[in-house]
Amino acid sequence: MISLQILCSGTPTPSEIRWGSAYALKMDDEWFMFDCGPAATYKLIKSGISPLDVSHLFFTHHHSDHDADYACFLLSRFDMSIGNEPNLKVYGPPPTQLLTEKLIGEKEGAYWHDFVARTNHPLSLWAYQNRGGNLPRKIPKVHAKDIQPKELITGPDWTIECSRVEHVQPYLDSLAYRVNTEKGSIVFSGDTRPCQSLVDLSKGCDVLVMECIRLEKEMAGNSTELSESSALAAGQIAKEAGVKMLILTHQAHYLDTSKNEVIEEVQINYKGRIEWANETTLINY
Ligand SMILES: [Zn+2]
């Protein structure tokens, strides 16, 4: 069974019910996080997931609504650590490595002072020991890597494929990911206009987490259709790829007032199971 925790299911514009992009996929005892949008760390906690249980983080692209909580996540994970956790692995298109270095790189990183203070001052060392850590307190290593489309990332019983999707190139590159496990397969579209590479990557998958930002009529004739997918397109991609379940996310309908209209438009093309991505809910398939 695939278990997906919806953390952030919105856009750059904050609303009462959704903001930015982030998802956590259960992988046995660990969680893999996809994007780290605004307040993702807080929503992890609200969902009952410790940042320490997130072992891998994948960025689809580096618009701020997909990465603005990265520093908070890294520093919370450090602050909660007792020093025996596996090092975090982070993958994404450029500038994933550079962003990581700028945030937490030795001496030059914007938050390096926090590592220095918390690994030296008696207050932090007491707190570290009090939660079970043994001195000396070390600064954690984060393995961040820029990846290219078609690069394969593998674990003991899983593989992750990625393909380039079409969003705001050439300014930012964008990847969609497909996770294959014994429990099933799930694709994260990231932000993209409808494109063949996403259909190909999603072929026959169990779950597609798909951008579905607006109704077709709201996008037709303006520049949003060059970079994003409407409800009609989301349904068309799911149909062409033959996915078993479709999760609609990245909605710009801030208060869900158009939810039924959006789902009806998706159903013009797609007849399978549809889920509406509500933040801090767990979807099982
Ligand atoms: Zn974007």
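The values are calculated or read from the model by the stated rules, or taken from the named source; none is laboratory data. Keep in mind the model is a prediction, meaning the values are calculated, not measured. Every residue, glycine among them, receives a Cβ derived from its backbone with ideal geometry; neighbour counts consider all protein chains shown. All accessible areas refer to the heavy atoms of the entire protein, side chains included, with ligands and DNA or RNA removed. Shrake-Rupley method; radii C 1.70, N 1.55, O 1.52, S 1.80 Å.
What residue among 198, 252, 122 has its Cα farthest toward the positive end of the dipole of the chain, where the charges are +1 on Lys, Arg and -1 on Asp, Glu, each on the Cβ?
With unit charges placed on the Cβ atoms, the residue in question is 122.
For residue 43, give me every one of the aspartates and glutamates with a C-alpha distance below 15 angstrom, ignoring sequence neighbours fewer than eight places off in its own chain.
Filter leaves 16, 35, 53, 65, 67, 69, 279.
Give the aspartates and glutamates reachable from residue 150 as a straight Cα distance under 17 Å; neighbours fewer than 8 places away on the same chain don't count.
Correct list for residue 150: 161, 166, 173, 200.
Which whole-angstrom value gives the distance between the alpha carbon centres of the stretch 231-249 and the stretch 44-92?
Each part reduced to its Cα centre gives a spacing of 28 Å.
Assign unit charges at the C-beta atoms only (+1 for Lys and Arg, -1 for Asp and Glu), then state the dipole size of the stretch 3-284 relative to its Cα centre in Debye, rounded to the nearest 20.
It works out to roughly 600 debye.
List the lysines whose Cα sits under 16 Å from the Cα of residue 259, skipping any in the same chain fewer than 8 residues away.
217
Amide H neighbours of residue 144 under 5 Å, at least 5 residues apart or on other chains, H built in the peptide plane: list them.
When sequence neighbours closer than 5 places are left aside, the close amide H contacts are 90.
What is the chain's relative contact order, in percent, from Cα pairs under 8 angstrom and six or more apart in sequence?
Details: 641 pairs, mean separation 52.6, N = 285.
That works out to 18 percent.
With the dipole of the chain worked out from charges on the C-beta (+1 for Lys and Arg, -1 for Asp and Glu) around the Cα centre, which of 143, 94, 235 lies farthest toward the positive end?
About the Cα centre, the residue reaching furthest to the positive side is 143.
For the stretch 83-192, what is the accessible area per residue in Å², given a 1.4 Å probe and the full set of protein chains?
Values: 6160 Å² over 110 residues.
For the stretch 83-192, the solvent-accessible area averages 56 Å² per residue.
Which entries in 89/141; 46/89; 102/141; 203/239 show an alpha-carbon gap greater than 18 Å?
In this structure, 46/89 exceed 18 Å between Cα atoms.
What number, rounded to the nearest 500 deg cm²/dmol, is the helix-based mean residue ellipticity at 222 nm of the chain, given -39500 (n - 2.57) per DSSP H run of at least four residues and division by all its residues?
One gets -7000 deg cm²/dmol as the mean residue ellipticity at 222 nm.
For the chain, modelled as a GNM with alpha-carbon contacts under 10 angstrom, which of 111, 171, 70 fluctuates the most?
Of the options given, 171 has the highest mean-square fluctuation.
Taking the dipole about the Cα centre of the chain, with the C-beta of Lys and Arg at +1 and of Asp and Glu at -1, give me whichever of 58, 14, 80 is farthest to the positive side.
80
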